[in-house]
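Asks: One structure is given below, represented as structure tokens, and several questions about it will come after.
The values are calculated or read from the model by the stated rules, or taken from the named source; none is laboratory data. Values in this document were obtained by computation on a predicted structure and should not be read as measured data. Ideal geometry is used to build each Cβ from the backbone, glycine not excepted, and the neighbour counts take in all protein chains shown.
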Amino acid sequence: MGSLQLKSIRKAYGSHEVLKGIDLEVKDGEFVIFVGPSGCGKSTLLRTIAGLEDATSGSVQIDGVEVGHVAPAKRGIAMVFQSYALYPHLTVKDNMGLGLKQAGKPKAEIEDKVGKAASMLSLDPYLARRPAELSGGQRQRVAIGRAIVREPKLFLFDEPLSNLDAALRVNTRLEIARLHRSLKATMIYVTHDQVEAMTLADKIVVLNAGQIEQIGSPMDLYNRPANVFVAGFIGSPQMNFIDGARLGDKNAKTIGIRPEHLGLSRESGDWKGKVVHVEHLGADTIVYLESEQVGLITVRLFGEHRYAPDDIVYATPMVGSMHRFGADDRVLA
Amino acid sequence: MSQARHSIFRTGFVHAALIAYTLISLFPVFLTFINSFKDRNAIFRAPLSVPTPQTFSLIGYQTVLGQGDFATYFQNSFIVTVVSIALVLLFGAMAAFALSEYRFRGNTLMGLYLAIGIMIPIRLGTVAILQGMVAANLVNTLTALILVYTAQGLPLAVFILSEFMRTVSDDLKNAGRIDGLSEYSIFFRLVLPLIRPAMATVAVFTMIPIWNDLWFPLILAPAEATKTVTLGSQIFIGQFVTNWNAVLAALSLAILPVLVLYVIFSRQLIRGITAGAVK
């Protein structure tokens with residue numbers, strides 16, 4: 001159990017509107033990720049679901065029950081914070097057990113649940129330590145353990161991996177994915193990292209300036225972005241945007257094409273251009289070229305390629321890979 | 001290389017300055033202390049010399065302790081100081097928490113209003129305070145002093161503590177809320193332990209003026225039973241004759257309790273446990 005309905009959630013600080021009417025439905029067991037640039041309101045939305053912020057208007061329902069006036073502890077949620085937010089004066093065990101202790105659960109039950117969560121996250125050797133004696137990755141595992149112990153209807157993650165270094169980030173990401181599979185719990189996860197979003201989510205919610213731009217599965221968003229913002233936000237390197245008029249398209253204001261959907265040749269092709277810069281990443285080669293017809297574009301080639309700045313090359317888009325956007329920046333059917 | 005030499009020169013200079021300052025601050029204390037162990041003639045003849053077997057005398061301490069009431073004076077000073085500090089810390093921290101944690105109408109204005117007390121000396125209100133205490137029947141009670149000192153200490157406490165409270169991670173407090181801690185538990189169990197160093201700073205700043213104050217004990221509680229040490233020592237300072245032995249002995253004794261309190265608080269100052277709470 002753990003479904004969530006948001007109906008026209010608005011949040012304003014004074015005259016500044018942070019959330020401008022959010023409607024969202026999350027089904028039981030789904031892994032939903034809120035993604036968007038900083039300041040888009042994704043953390044505020046998460047905090048509103050948690051009850052740490054009150055929505056100015058709108059309704060939040062967990063399992064069909066309106067929770068607008070329910071205290072965070074009574075909503076059946078657990079939250080993992082970016083800064084871990086462990087209680088510095090408590091041991092790992094007490095950190096994980098505090099929520100249950102506050103709820104007045106018997107000691108044996110707390111012990112049992114903490115033990116289970118600890119072994120799930122391989123934290124057993126550290127139960128007696130304080131947070132100060134743990135590494136960053138261990139602290140975040142304790143924070144996740146603290147959430148698991150509560151057996152919540154909803155797990156909320158607020159950029160949980162942002163403070164970890166790259167290697168740990170990948171490990172912890174796998175751990176969260178594994179947890180989601182084994183617990184079958186509903187999880188809502190906020191991040192600005194699209195790799196996390198693409199790899200973890202069942203459903204991604206792209207937010208921008210307090211509004212939902214698009215909701216869909218990772219591949220939906222990649223293959224069928226609803227508008228210019230989503231097209232530009234999902235995918236790395238960013239999609240190339242070309243003025244429709246330059247390609248002789250009268251209906252489309254902007255034409256988008258992903259760097260990986262462009263082919264490159266030294267002999268012939270659609271768009272002639274001069275190489276400006278090349279990035280060799282081993283698995284990929286990223287070529288930036290300045291073309292007279294379409295301006296500066298990025299091409300992503302798989303494998304190693306020997307292009308150098310000032311080479312003259314021809315880029316050709318793959319058939320059916322163009323995204324056409326109208327004057328309102330929305331995709332054209 | 002040159003950098004190492006440079007930094008040695010610089011630390012040397014810093015230390016020289018600090019040592020000079022320490023000597024200047026400690027000199028009057030030292031003078032008081034050595035002279036309290038000398039006889040009357042020696043105090044006047046050679047005030048800067050340390051006591052020798054010829055000049056050594058405990059007459060000052062005998063007078064002070066023989067007076068009998070000094071134990072009461074110490075007790076009064078101690079009660080007033082400790083209770084006032086406790087109240088200042090409690091209410092100061094609570095006000096600071098409210099000001100830094102909650103958004104409400106007039107928050108900034110309230111903060112400014114509470115901080116104004118730092119700039120306006122409480123003694124300006126002495127007459128009104130005395131009238132109030134008379135009306136409330138609190139003259140010649142320690143309660144009167146405690147109330148006044150609590151009011152006097154609060155502005156600085158609120159000011160310093162609210163700055164520190166702002167540095168306590170919001171995530172930590174929110175984690176507490178999700179775990180079902182009440183706002184009071186969050187305040188007492190999460191926030192207070194984290195700002196202990198700031199509390200100790202405030203305690204030290206609050207304690208010393210209270211312990212040393214002569215003004216309010218003289219006006220609000222001059223009765224024998226409620227005299228503080230500073231006021232009690234005044235009986236040795238007469239209009240024509242001053243019993244310097246006794247005054248110096250009383251002052252030397254009065255340093256001790258405040259030194260003990262300071263040591264307690266400064267241990268807290270050092271023992272910060274914030275490390276590792278948040279990255």
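Asks: Scanning for something farther than 27 Å from A:Gly29 by Cβ, within 9 Å of another protein chain (Cβ to nearest Cβ), at pLDDT below 95 and surrounded by fewer than 23 Cβ atoms within 10 Å (Cβ to Cβ), does the range A:113-128 turn up at least one residue?
Replies: no
Asks: Let me ask another. Hey, any hits in the range B:190-203 for a residue that's more than 14 Å from chain A (Cβ to nearest Cβ), touching a residue at least 40 places away in the same chain (Cβ under 8 Å), in contact with a Phe, Trp or Tyr (Cβ under 6 Å, 6 or more places away or on another chain) and assigned to a helix (DSSP H, G or I)?
Replies: Yes: one or more hits.
Asks: Any residue in the range A:142-161 that is outside any helix (DSSP H, G or I), under 18 Å from A:Thr191 (Cβ atoms), modelled with pLDDT under 90 and within 18 Å of the chain's Cα centre (by Cα)? Write out each step before concluding.
Replies: Filtering the range A:142-161 down to residues outside any helix (DSSP H, G or I) leaves A:150-161.
Adding the requirement that they be under 18 Å from A:Thr191 (Cβ atoms) leaves A:154-161.
Remaining after also requiring modelled with pLDDT under 90: none.
No: the range A:142-161 contains no residue that is outside any helix (DSSP H, G or I), under 18 Å from A:Thr191 (Cβ atoms), modelled with pLDDT under 90 and within 18 Å of the chain's Cα centre (by Cα).
Asks: Just one of (1) among the hydrophobic types (A, V, I, L, M, F, W, C); (2) under 24 Å from A:Ala197 (Cα atoms); (3) part of a helix (DSSP H, G or I) trips up A:Ala85, so point out which.
Replies: (3)
Asks: Quick one: is B:Arg10 charged (D, E, K, R) and outside any helix (DSSP H, G or I)? Steps first, please.
Replies: Values: charged (D, E, K, R): yes; outside any helix (DSSP H, G or I): no.
No; evaluated as a whole, the condition is false for this residue.
Asks: Within the range A:1-18, restricting attention to residues that are under 21 Å from the mean Cα position of the chain (by Cα) and in a loop (DSSP other than H, G, I, E, B), which residue is surrounded by the fewest Cβ atoms within 10 Å (Cβ to Cβ)?
Replies: For the range A:1-18, the residue satisfying everything is A:Ser3.
Asks: Only residues that are facing chain B (nearest Cβ under 10 Å), farther than 23 Å from A:Ala132 by Cα and surrounded by fewer than 17 Cβ atoms within 10 Å (Cβ to Cβ): list them for the range A:62-101, please.
Replies: A:Ala71, A:Lys74
Asks: Across the range B:153-181, which residue is nearest to the chain's Cα centre (by Cα) among those that are part of a loop (DSSP other than H, G, I, E, B) and within 9 Å of chain A (Cβ to nearest Cβ)?
Replies: Across the range B:153-181, the extreme among qualifying residues is B:Ser169.
Asks: Does A:Ser217 satisfy the condition of being farther than 29 Å from A:Tyr288 by Cβ and small (Gly, Ala, Ser)? Give the steps one after another, and end with the answer.
Replies: Values: farther than 29 Å from A:Tyr288 by Cβ: yes; small (Gly, Ala, Ser): yes.
Yes; evaluated as a whole, the condition is true for this residue.
Asks: Being in contact with a strand residue (DSSP E or B) (Cβ under 7 Å, 6 or more places away or on another chain), over 21 Å from B:Ala200 (Cβ atoms) and of a type outside the set (A, V, I, L, M) is true for just one of B:Phe33, B:Phe74, B:Phe37. Which residue is that?
Replies: On the way: B:Phe33 fails: in contact with a strand residue (DSSP E or B) (Cβ under 7 Å, 6 or more places away or on another chain); B:Phe74 fails: in contact with a strand residue (DSSP E or B) (Cβ under 7 Å, 6 or more places away or on another chain).
That would be B:Phe37, the only listed residue that is in contact with a strand residue (DSSP E or B) (Cβ under 7 Å, 6 or more places away or on another chain), over 21 Å from B:Ala200 (Cβ atoms) and of a type outside the set (A, V, I, L, M).
Asks: Further, regarding this structure: Do the conditions hold for A:Gly21, that is, is it away from every other protein chain (no Cβ under 14 Å), surrounded by 21 or more Cβ atoms within 10 Å (Cβ to Cβ) and either under 20 Å from A:Leu200 (Cα atoms) or modelled with pLDDT of 90 or more (or both)?
Replies: So A:Gly21 does not fit the description; no.
Asks: Name the residue that is nearest to the chain's Cα centre (by Cα), counting only residues in the range B:120-146 that are among the polar types (S, T, N, Q) and part of a helix (DSSP H, G or I). Step through it out loud before you land on a result.
Replies: Filtering the range B:120-146 down to residues among the polar types (S, T, N, Q) leaves B:126, B:131, B:137, B:140-141, B:143.
With part of a helix (DSSP H, G or I) added as a condition, the list becomes B:126, B:131, B:143.
Working: B:Thr126: 20, B:Gln131: 26, B:Thr143: 18 Å.
So the residue we want is B:Thr143.
Asks: Now, a different point. Scanning for something assigned to a strand (DSSP E or B) and within 30 Å of A:Lys42 (Cα to Cα), does the range A:277-287 turn up at least one residue?
Replies: For the range A:277-287, residues assigned to a strand (DSSP E or B) and within 30 Å of A:Lys42 (Cα to Cα): absent.
Asks: Conditions: (1) within 14 Å of chain B (Cβ to nearest Cβ); (2) small (Gly, Ala, Ser); (3) more than 22 Å from A:Val149 (Cβ to Cβ); (4) buried (at least 23 other Cβ atoms within 10 Å of the Cβ). A:Ser43 meets all but one. Number of the miss?
Replies: Here A:Ser43 meets the rest and fails (4).
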